[in-house]
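Below: the structure, in structure tokens.
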Amino acid sequence: RAYDFDGPAGFNTNTQTGVTSGEWTAYPNQTLIGQTFSKSLAKQIGLSMGAEGVNTSLQGWYAPVVNLHRSPFNGRNYEMYSEDPVLSGKLGAQTIDGAKANGVYCYLKHFGPTEPGQNSRNQNSWMTEQNLRENYFKAFEIAVKEGGSNAVMSSFSSLGGVWTGANNGIFIDILRNEWGFRGSVLTDWCDGGGNMNCHVGVRGGNDIWLNPNVGNNRSKLSRTDPTEVYCAKQAAKNVIYTVCNTRYYSNHYDHSQDEMVFPIGE
């Protein structure tokens, strides 16, 4: 069994409890980290988070957030590094690499333009492909290619009228086929309703539903539909890959060049 906890300023117990009684480090918010322009600091935070996770029986972390400060009035700017996609991508990549090096995989989030408001459940973004790639997706691309991201969280929002978690063009064509991403895709918080149902999502490349309403038929795949059975098998493979790839990377990582070493275990 693998346990994942929320962030991004360190593991928090606001939404998930009961796994461990350990005490975790509370880091400054990502905006402050972004102001340092320090890849070294981001790497050390990742290493520390990985060590804390392993030492307190956690395997996954819902972080870092590399969405952009599109407006100073965004409700969740404090969770994001900056308005610059290259800076955000570089810091996110280092954080992910550090956490993986010590045995924790990171759900890079929230994939799909999702900047305005507190949460973007009812947001639908329209933009040119150039804008999408050069701004909103650039940080994610850097984190995948340079940070070795093997887990991603999809967003609440829609892009071009399609929920991002069911957008084949985002998760299959760009993320997997073009950028070479291997691993699992998790939804943001889901109650099984609305447009975040698994029948369209699993076909679009989403592998896990975060806390679905299991009593809602929209959150259950069909055992007799061959397409859904195939997609479920592929999703299971992706999840297993995330766990195994992180363990392999951690076991073979060379810590000799790290500025600080965070002990794991006794």
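The values are calculated or read from the model by the stated rules, or taken from the named source; none is laboratory data. What you see is a predicted model, and the numbers here were worked out from it, not measured in a lab. So basically every Cβ, Gly included, is an ideal-geometry build from the backbone, and we count neighbours across all protein chains shown. The accessibility values were calculated without ligands, DNA or RNA, using every heavy atom of the protein model including side chains. Shrake-Rupley method; radii C 1.70, N 1.55, O 1.52, S 1.80 Å.
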About its Cα centre, the chain carries a charge dipole, from +1 on Lys and Arg Cβ atoms and -1 on Asp and Glu Cβ atoms, whose size in debye to the nearest 20 is 620 debye
As an exercise, use a Förster radius of 22 Å and the Cβ-Cβ distance of F37 and E259 to find the FRET efficiency, rounded to the nearest 0.05. 0.85
Work out the charge dipole of the chain with +1 on the Cβ of Lys and Arg and -1 on the Cβ of Asp and Glu about the Cα centre, then indicate which of L108, G205, S125 is farthest towards its positive end. G205
Kyte-Doolittle mean at least -1.0 and Cα axial length at least 15 Å: DSSP H helices in the chain: 39-55, 85-101, 226-252
Using a 1.4 Å probe on the protein heavy atoms, what percent of the accessible area of the chain belongs to carbon and sulfur? 51 percent
Among the aspartates and glutamates, which have Cα under 17 Å from the Cα of K233 when same-chain residues fewer than 8 positions away are ignored? D207, D225
The answer for the chain, accessible area per residue at 1.4 Å probe in Å², is 47 Å²
Sort 150-159, 35-44, 54-63, 123-132 by the packing proxy (mean of other Cβ within 10 Å over each peptide's residues), most packed first. 150-159, 54-63, 35-44, 123-132
For peptides 235-243, 86-94, sequence by mean Cβ density within 10 Å, most packed first: 86-94, 235-243
One quarter of the C-alpha convex hull surface, i.e. the mean projected area of the chain in nm², amounts to 13.8 nm²
